[in-house]
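The values are calculated or read from the model by the stated rules, or taken from the named source; none is laboratory data. None of the values given here were measured: they were computed from a predicted structure. Cβ sites come from the backbone with ideal geometry, for glycine too, and all protein chains shown count toward neighbours.
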Amino acid sequence: MPDIVVCVKQTVDVYQLKPHPETLTPQISQAQWKNSDFDLNALEEAIRIKEKHGGKVYVISTGPEIKPLLVRECLAMGADDAFVLSDPLLAKADGAVTAKVLSSIIKSKVPRWDLILCGEASLDENSYQTGPRLAEIFNVPSISYVSKLEVSDGRIKAWRAL
């Protein structure tokens, strides 16, 4: 029964951004927020594993202003619990800071886990750093661009898209 942590980033819905009529800069303050599609894919996979093998799914989310409705979306999808840290200082956090904050939450709230899933990248910055940085902090293997996961006999197999 694997216990799975899924990191979910709340981002501006880049598909709904509208340019300012005069400056043509994106009007971020008026944009809608959403859970990253990439992270929701990771959450769906975690829930599939839970439904087949048991265990629990924990969502971890950090950011400058966490939207409760978006956390509830993750719980409605099937996550068992969610832990969030909302702090305006995280608005400019890079991948290293984000991974440190996420790892601190994981260590304090989910000390025993079998797998951490992250989306391939964030919708807003596309930095591709959070998963590998978390793996480095926890001294565990990291596999990016996973296209398929299989759990059997207490082991996890991953297929990587190249």
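Key figures for this structure:
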item	result
Of residues in segment 144-162 being aliphatic (A, V, I, L, M) and surrounded by 14 or more Cβ atoms within 10 Å (Cβ to Cβ), the one nearest to Gly54 (Cα to Cα)	Val151
Any hit, segment 97-113, residues being in contact with a Gly (Cβ under 7 Å, 6 or more places away or on another chain) and either at pLDDT 90 or above or surrounded by 15 or more Cβ atoms within 10 Å (Cβ to Cβ) (or both)	no
Residues of segment 32-55 satisfying the condition of being out of contact with any Lys or Arg (no Cβ under 8 Å at 6 or more places or on another chain) and over 18 Å from Phe83 (Cα atoms)	Gln32, Asp37, Phe38, Asn41, Glu45, Arg48, Ile49, Glu51, Lys52, His53, Gly54
Test result for Pro88, of a type outside the set (S, T, N, Q) and in contact with a helix residue (DSSP H, G or I) (Cβ under 6 Å, 6 or more places away or on another chain)	no
Any hit, segment 146-162, residues being within 16 Å of the chain's Cα centre (by Cα) and assigned to a loop (DSSP other than H, G, I, E, B)	no
Those residues of segment 77-96 which are assigned to a helix (DSSP H, G or I) and modelled with pLDDT under 95, in sequence order	Pro88, Leu89, Leu90, Ala91, Lys92, Gly95, Ala96
